[in-house]
Every structure is written in structure tokens, then in C-alpha cells.
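Trainee: Have a look at the structure that comes next, please.
Each reported figure results from applying straightforward, stated rules to the coordinates on display, with no laboratory input. Note that this is a predicted model, so its numbers are computed, not measured. Glycine gets a Cβ as well: all are built from the backbone with ideal geometry, and neighbour counts include every protein chain shown.
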Amino acid sequence: MLSGKPLSVLKPDIHDILKQYWGYDTFRPQQEEIIRSVLASNDTLALLPTGGGKSVCFQVPGLALDGLTIIVSPLVALMKDQVENLLQRDIPATAIHSGMSFREMDIELDNCIFGKYRFLYVSPERLQTDLFIARAIQMPVKLIAVDEAHCISQWGYDFRPEYLKIGELRAHFPHVPVIAVTATATPDVVDDIQLQLKFAAPNVFQSGFGRDNLHYLVLDEENKMQRLLSIIQKTAGSGIVYVRSRYQTQQIAKFITQNKISATYYHAGLSHADRDKRQAEWTNNTTRVIVATNAFGMGIDKPDVRFVVHMDVPDTLENYFQEAGRAGRDGQKAYCALLYSPADGVEAVEKYEQQRVSAEDAKKVLKLMHNYLNIADGSGDGVSHDFDLQAFATKYNTQATHVYNTIKVLEQQGIVSFTENIYVPPKIKFLVDNYTLYEYQIKYPVMTEFVKVILRSYGGAFENYVPINESELARRVNLKRDEVVKGLARLQQNGIIDYRPQKELPQLVLNYPRGGELIDGKSIEQRATLLKQKLQAVINYCAQTQKCRQRKLLEYFGEHTSADCGKCDVCIETRKKITSSNEFEEYRTIIENVLTQGPVQLTAFASATGIQHQTQLTDALRKMAESGLLTIKDGWVHLNGK
């Protein structure tokens with residue numbers, strides 16, 4: 001625990017914090033500079049690659065400062081993972097999200113005011129509630145962190161209007177610095193993040209997006225299943241296969257298993273327990289391959305992924321870069337393969353147009369939602385509802401995919417907030433004092449043993465809502481689980497506890513009372529055009545065969561380099577071409593003509609020769625050196641015999 005003298009008195013060194021709570025002696029590249037910028041009260045934007053240790057950049061300064069750090073995060077599952085991770089390190093943390101009741105949130109926010117926690121994770125839709133604002137201004141806030149910061153930019157691929165409320169939150173804490181972190185941001189998004197978060201001055205730390213150990217491959221393949229099997233068979237270690245549909249996850253996992261390779265599938269339709277089990281078996285290498293939709297990936301901490309294969313065209317290069325970047329985090333060689341044929345690009349554009357949501361679609365689905373949830377005119381805002389998307393689609397005879405796409409549009413309009421993959425464990429809190437509880441046991445002796453076991457197992461339930469394990473409780477009282485559930489329900493009916501059963505359904509929050517929404521058709525069209533452009537950028541990336549794949553990706557994110565990776569499919573093909581005698585002789589003549597004037601620095605060789613293709617130039621120099629025609633020494637190229 002955070003024991004002994006207060007951190008404000010100790011003024012701990014950030015290296016001591018890193019060692020004490022994370023067990024590391026040194027920071028990763030740029031982490032220390034970012035942390036020191038935050039501790040100097042500078043607004044700071046950190047662009048670090050997937051797996052680059054973004055959370056440490058706000059958790060370490062959060063511990064070094066005397067007070068509370070508020071972290072805004074868009075994904076409930078990721079928030080819960082990070083809170084659990086902090087608690088395992090004996091760092092007090094909690095989260096506020098749409099899966100909680102008003103009373104639960106009220107208690108936890110009060111605990112933040114009174115100093116129980118050092119970190120408070122908040123989903124963005126909670127920022128605009130009166131409850132949160134009223135409590136937040138009483139908290140000892142010393143740092144505001146924004147995770148997945150690209151969500152604040154309308155130019156970003158995952159724009160979430162609720163993120164714009166962070167700028168308003170800052171008005172309540174004018175002297176509190178903000179740190180924003182993301183793994184993917186184009187130059188426009190970088191500028192917009194700082195503008196929307198009201199940075200006092202531009203301040204960006206950007207780690208190079210290049211990963212020298214990754215081999216990016218776009219493979220033109222008609223028979224994708226056989227090519228996938230070949231990749232898995234030829235590449236040792238574990239991997240991820242990304243597909244678009246839940247049905248595909250099952251079919252492809254079955255195909256891989258039939259070929260005597262252990263595989264499983266993962267998608268948002270599985271239960272929380274099933275998802276956890278499948279991910280754990282893959283993480284500990286019991287299962288070698290996991291076939292998944294894009295619901296899989298956030299918060300994964302598995303360094304030894306040797307390959308990531310995309311069977312379909314991703315929606316954006318941002319998504320692709322982030323998903324592919326889950327390979328090779330240990331720094332060892334790994335492959336990122338995208339199986340593509342020209343027909344895939346045409347099909348992706350056609351499918352996008354078919355699924356495009358209009359303003360009229362949005363109005364119609366919103367009206368049906370209000371009816372489905374029994375929302376009266378002028379009411380319904382700010383309340384979290386269980387929302388079974390498939391049941392809704394079935395009731396109104398529409399496609400679940402269309403409903404989902406429309407919900408995403410309504411989210412981008414700021415009209416609703418939708419949380420998928422939520423799992424909230426069952427919780428209880430006693431509503432009576434010890435004396436009243438004692439009287440209850442005397443009046444209902446049949447409940448006495450049950451109550452005593454609850455007290456022994458969950459003593460903290462008098463002060464706070466505590467998660468319970470119904471199966472473990474059943475074992476302790478020698479009952480079946482459904483009997484325990486009935487017992488808890490009875491205690492609730494008798495006013496002894498507040499019992500909140502587990503939740504797994506997605507949560508839908510209406511941000512406006514019924515009738516108070518304004519759907520902006522123009523912005524819907526603008527957003528649709530932007531997303532189509534991003535899809536076209538993916539298709540262009542796949543179709544081009546002239547420029548190094550890694551260079552192409554880096555340029556998209558505003559990072560320009562003249563160095564080819566030498567490992568992607570384009571570089572490999574270029575190397576093959578340069579070995580042909582005619583092309584090699586052309587390069588040899590150019591190089592010899594330059595070197596007859598005298599030695600040339602290797603770094604200046606491209607400009608001196610006018611050869612723009614770095615891979616071809618490198619291969620020509622290597623071949624000439626191997627043939628004894630030239631020597632490369634101390635960074636200089638010498639023509640032998642001169």
C-alpha cells in the first residue's frame with residue numbers, strides 16, 4: 001500500500017517510483033522526458049507506438065504528485081484492466097462508467113474527494129453529468145490524463161464528441177496540467193488534440209513509429225485460407241488473425257484446428273467468462289492462434305506474438321497500424337501480413353456505400369430506441385440502459401449491422417453513448433447498521449448462517465459496494481448458485497442489502513431528453529466522406545507496389561524518411577529485381593562515375609548518385625562490395641583501384 005509518509009513529504013524520485021511499483025530500473029525511450037514535462041506542469045501530448053508504455057507516462061507522475069489523477073478513457077474493458085493492474089501493485093484506483101448505478105458512482109466519487117484513491121478512471125460520457133462535475137470540483141485533482149486522445153479530434157478515425165467535454169472540465173482546474181496519449185495520430189489530429197484540450201503551448205513528444213523488427217507484407221492471394229495456413233506453418237510461435245465478422249472467426253478457427261494447429265476464436269458476442277478464458281489460453285500459449293474481430297486487442301500484454309494476419313481490408317490505416325503493431329513487442333522478428341486482391345478493394349468500397357447511414361436513418365433508429373426503452377418525451381437523458389442490439393434488431397425487423405452502424409453515427413453526433421463488451425460483476429452493499437442486521441437475523445433465523453458467511457467474506461460491504469463471487473459464496477454455504485442468487489434477492493426485498501446482479505449486455509446512454517436532440521445531416525455526410533477517404537488510403541496502401549510498406553505507413557502519420565525497411569514485400573521484390581544483370585549494370589555505371597571523383601560519405605550517397613530507391617542503392621553497393629569493386633569503411637565509400 002501507499003504507506004509511511006505522504007508522497008508530498010517524501011517527494012519521491014520518479015526512478016524510485018518506477019522501481020517500487022513496476023520493478024524496472026530504467027524507463028523506455030522518451031518516457032522519462034514525457035514524465036518530467038508533466039511534472040513541470042506542462043500540457044503534454046505523447047505519441048508512442050502500441051506497446052510503448054503510454055500508461056506509465058501518466059501513472060508515474062500521478063504518484064509523484066500529491067493528489068488525484070483523473071484519466072479519461074473510452075473503453076470500459078481497458079479501464080477495468082488498468083484499475084485491476086494498479087490495485088495489484090497496491091496503488092489505490094477506481095473507475096466510473098456507464099455500467100454502474102447512480103448510488104455506486106456517488107459513493108466512489110465521494111471516496112475520491114476524501115483521498116481514498118490516487119487514480120480515477122472515467123468514461124467520457126460521465127464527464128457531462130451534473131453528479132460528476134459537482135463531485136470533481138471538490139477533489140484534490142493534480143493531473144488530468146486523456147487516453148486514446150485521438151478520439152477528441154473530428155479528423156480522427158474514432159472521433160467521440162464526449163471527449164470535447166474534457167476542455168470544459170479543464171476550466172474547473174485552470175492550474176492542473178493535462179497529458180494526452182495515443183498510438184495513432186496524423187499531423188492534422190496532432191494539432192487538433194492540442195487545440196481541443198486547450199494546451200497552453202504546443203508540446204509534443206513523438207517516438208518514431210518505425211519498428212525495425214516488423215516485416216509488413218501485402219500478399220495478393222486468391223486462396224486466402226491456404227495462404228494463411230502456410231504462414232502459420234512456416235512461422236513459429238503464436239499469432240492473431242483478424243477478420244470482419246463473428247461467423248468468420250469460428251469458421252477460420254475451425255479450419256486451422258482441422259489442420260492440427262491449436263486455435264480459438266474471439267468476438268464481442270461471447271460471454272465475459274468465455275472471452276477471458278480464450279484470451280488467457282492464448283496468452284499463456286496453451287492455444288497458438290486466436291482468430292478475432294477487432295473487439296480483441298486492447299490491453300493485451302503479450303510480447304511474443306510472431307505474426308498478425310488480416311484476412312480483410314481494414315477500415316483505416318490507423319486501425320491496421322495499431323492491430324499489426326501487436327506483433328513483436330519483444331523486439332524479435334515478427335510478420336504483419338495483409339491478404340489482399342484487387343477485388344477486395346472494390347468490394348470494400350461497395351460494402352461501405354451499402355452500409356452508409358443517412359440523417360433519416362439516424363432519426364428513425366433513434367425514435368425506435370426511445371420506444372424500445374419506453375422513454376417519454378422530455379425525459380431519459382443521462383440514464384444507462386441495458387441494450388440487447390440483436391433483440392432490438394429482431395423486434396423492428398432490421399439488420400443488427402445497420403443498427404450498430406447507426407448507433408456509431410449517433411455517438412459521433414453526441415446524442416448517445418454506447419459501451420460494448422461490458423462486464424460488471426455482481427455487487428452488494430448493506431443498507432442497514434449492525435444492530436438492525438442483528439434484529440433481522442433474530443426475526444428470520446433461516447437467513448442467519450447465510451448473512452454470517454456474507455459478513456465474513458465481504459466485511460467492507462457496509463461502507464461500499466463490493467464485488468462478490470456467487471459461485472464461491474455458494475460453496476461456502478453449501479448451496480447451489482441459483483439458491484444464493486435467490487437469497488441475495490430476498491435480502492434486497494427485505495431492505496437489508498442493495499444487490500446488483502452481474503451485467504454483460506452493452507450499455508446505452510441517451511445524452512439528451514427525448515425530443516431535445518438535434519441531428520446534423522451535414523456533419524454526418526462530412527464524417528462519411530472522411531471515413532471513405534480513410535478506407536481509400538488503405539486500398540492505396542495495399543495496391544501500390546513501388547514504395548516500402550513501412551515508409552508508406554510512416555508518411556501517413558507524418559513521419560518522413562528516405563530509408564527503406566528492407567524487409568517488406570516491396571523491398572524484397574525490389575531486391576530481386578536489382579540482381580538482374582541489366583539493372584545492376586546501370587547502377588554500377590552510375591556509382592563508378594561518382595566514385596571516380598573521390599570517396600563519398602555513405603549518408604550522402606543517394607543525393608550524390610541521384611538514385612532515389614534506397615533499397616536498390618543499398619543492394620547495388622552490397623553487391624559491388626562483395627565483388628571487390630568498392631570498399632565501405634568508416635562511413636565512406638571508396639572505389640577500389642583509385
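Trainee: Based on the Cβ-Cβ distance from Thr589 to Gln154, what FRET efficiency comes out when R0 is 45 Å, to the nearest 0.05?
Mentor: On the way: r = 52 Å, r/R0 = 1.17.
With R0 = 45 Å, the Cβ-Cβ based efficiency is 0.30.
Trainee: Here's a follow-up. Assuming R0 = 45 Å, can you tell me the calculated FRET efficiency for the pair Val204 and Val349, based on Cβ-Cβ distance, to the nearest 0.05? Before the final figure, lay out the partial values.
Mentor: Numbers: r = 34 Å, r/R0 = 0.75.
Approximately 0.85, to the nearest 0.05.
Trainee: Over all alpha-carbon pairs of the range 578-639, lay out the pair-distance distribution in 5 Å bins, whole %, shortest bin first.
Mentor: 4, 20, 35, 29, 10, 2, 0
Trainee: Here's another thing I want to ask about it. Give me the angle, in degrees from 0 to 90, between the Cα long axis of helix 581-595 and the longest principal axis of the Cα atoms of the chain, rounded to the nearest 10.
Mentor: 80 degrees
Trainee: Sort Trp282, Trp22 by Cβ crowding within 10 Å, fewest neighbours at the top.
Mentor: Trp22, Trp282
Trainee: Here's something else I'd like to know. Cα centroids of the range 492-546 and the range 235-283: how far apart, whole angstrom?
Mentor: 25 Å
Trainee: Which of the listed residues, Phe430, Met447, Leu473, is farthest toward the dipole's positive end in the range 427-500, when Lys, Arg count +1 and Asp, Glu count -1 at the beta-carbon?
Mentor: Leu473
Trainee: Taking the Cα atoms only, what angle lies between the long axis of helix 400-412 and the longest principal axis of the chain, rounded to 10 degrees?
Mentor: The angle comes out near 90 degrees.
Trainee: Find which of Tyr587, His638, Thr618 sits farthest along the positive direction of the dipole of the range 578-639, computed with +1 on the beta-carbon of Lys and Arg, -1 on that of Asp and Glu, about the Cα centre.
Mentor: Farthest along the dipole direction, towards plus: His638.
Trainee: Does a label point 7 Å from the Cα of Thr561, set along Cα-to-beta-carbon, have any residues of the range 326-365 with amide nitrogen under 19 Å, and which are they?
Mentor: 326-337
Trainee: Full extension from Glu472 to Lys576: what is 0.36 nm times the residue separation minus their Cα-Cα distance, to one decimal in nm? Show your work: numbers first, answer last.
Mentor: Numbers: separation 104, 0.36 × 104 = 37.44 nm, distance 6.26 nm.
Fully extending the segment from Glu472 to Lys576 adds 31.2 nm.
Trainee: Using a/c under 1.5 as the rounded threshold, could you call the range 230-349 rounded, prolate or oblate? The axes a ≥ b ≥ c are square roots of the C-alpha gyration tensor eigenvalues, and prolate needs a/b larger than b/c, oblate otherwise. Walk me through the numbers on the way to the answer.
Mentor: Numbers: a/c = 1.35, a/b = 1.20, b/c = 1.13.
It comes out rounded by the Cα gyration axes.
Trainee: Roughly speaking, what is the centre-to-centre gap between the range 600-631 and the range 76-119 when only Cα atoms are used, to the nearest Å?
Mentor: Here the answer is 58 Å between Cα centres.
Trainee: What's the Kirkwood radius of the range 368-407 in Å, using all Cα pairs?
Mentor: Radius from the Kirkwood sum: 11.0 Å.
Trainee: Do the alpha carbons of any pairs in Lys408/Lys534; Lys452/Lys486; Lys224/Lys408; Lys333/Lys534; Lys54/Lys333; Lys116/Lys408 sit beyond 26 Å of each other, and which pairs? Intermediate values should be presented prior to the final figure.
Mentor: Numbers: Lys408/Lys534 17 Å; Lys452/Lys486 16 Å; Lys224/Lys408 30 Å; Lys333/Lys534 29 Å; Lys54/Lys333 23 Å; Lys116/Lys408 36 Å.
Long pairs (Cα-Cα over 26 Å): Lys224/Lys408; Lys333/Lys534; Lys116/Lys408.
Trainee: Relative contact order (percent) for the range 427-500, with alpha-carbon contacts under 8 angstrom and 6 or more residues of separation?
Mentor: Working: 72 pairs, mean separation 34.4, N = 74.
The value is 46 percent.
Trainee: So which lysines can Lys165 reach, going by Cα to Cα under 17 Å and dropping same-chain residues fewer than 8 places off?
Mentor: Leaving aside lysines fewer than 8 places away in the same chain, those within reach of Lys165 are Lys198.
Trainee: Estimate the FRET efficiency between Glu168 and Ala604 by the formula 1/(1 + (r/R0)^6), using the beta-carbon distance for r and 56 Å for R0, to the nearest 0.05.
Mentor: On the way: r = 52 Å, r/R0 = 0.93.
The pair Glu168/Ala604 has a calculated efficiency of 0.60.
Trainee: Let me have the 222 nm mean residue ellipticity of the chain computed from DSSP H runs of 4+ only, each contributing -39500 (n - 2.57), with the sum over all residues rounded to the nearest 500.
Mentor: Details: 27 runs with 281 residues, N = 642.
The per-residue figure over the chain is -13000 deg cm²/dmol.
Trainee: Could you calculate the contour length gain from Gln251 to Glu84, that is, 0.36 nm times the residue separation minus the distance between their Cα atoms, to one decimal place in nm?
Mentor: Details: separation 167, 0.36 × 167 = 60.12 nm, distance 3.34 nm.
Additional length available on full extension: 56.8 nm.
Trainee: Something else now. Once you have all Cα-Cα distances for the range 150-256, histogram them in 5 Å bins from zero and send the whole-percent values.
Mentor: 2, 9, 15, 14, 11, 10, 10, 11, 9, 6, 3, 1
Trainee: Right, next: List the aspartates and glutamates whose alpha-carbon lies under 18 Å from that of Lys363, not counting same-chain residues fewer than 8 positions away?
Mentor: Those aspartates and glutamates meeting the cut-off are Asp377, Asp381, Glu411, Glu517, Asp520, Glu525.
Trainee: If you fit an axis through the alpha-carbon atoms of helix 448-457 and take the longest principal axis of the Cα set of the chain, what angle between them do you get, 0 to 90°, nearest 10?
Mentor: For 448-457 against the chain, the angle is about 30 degrees.
Trainee: How big is the charge dipole of the chain about its Cα centre, in debye rounded to the nearest 20, if each Lys and Arg gets +1 on its Cβ and each Asp and Glu gets -1 on its Cβ? All intermediate terms of the calculation are to be shown ahead of the outcome.
Mentor: Details: 73 positive and 75 negative charges, 260 e Å.
With only Lys, Arg, Asp and Glu charged at Cβ, the dipole is about 1240 debye.
Trainee: May I ask what percent, to the nearest 5, of DSSP beta bridges between residues of the chain are antiparallel? Display every interim value, and only then the final one.
Mentor: Details: 20 of 67 bridges.
Taking every DSSP beta bridge with both residues in the chain, the antiparallel ones total about 30 percent.
Trainee: Moving to a separate point now. Which value, in debye to the nearest 20, gives the size of the charge dipole of the range 7-206 about its Cα centre, when Lys and Arg are +1 and Asp and Glu are -1 at the Cβ? It would help to have the intermediate numbers written out before the result.
Mentor: Details: 17 positive and 24 negative charges, 65 e Å.
Roughly 320 debye for the range 7-206.
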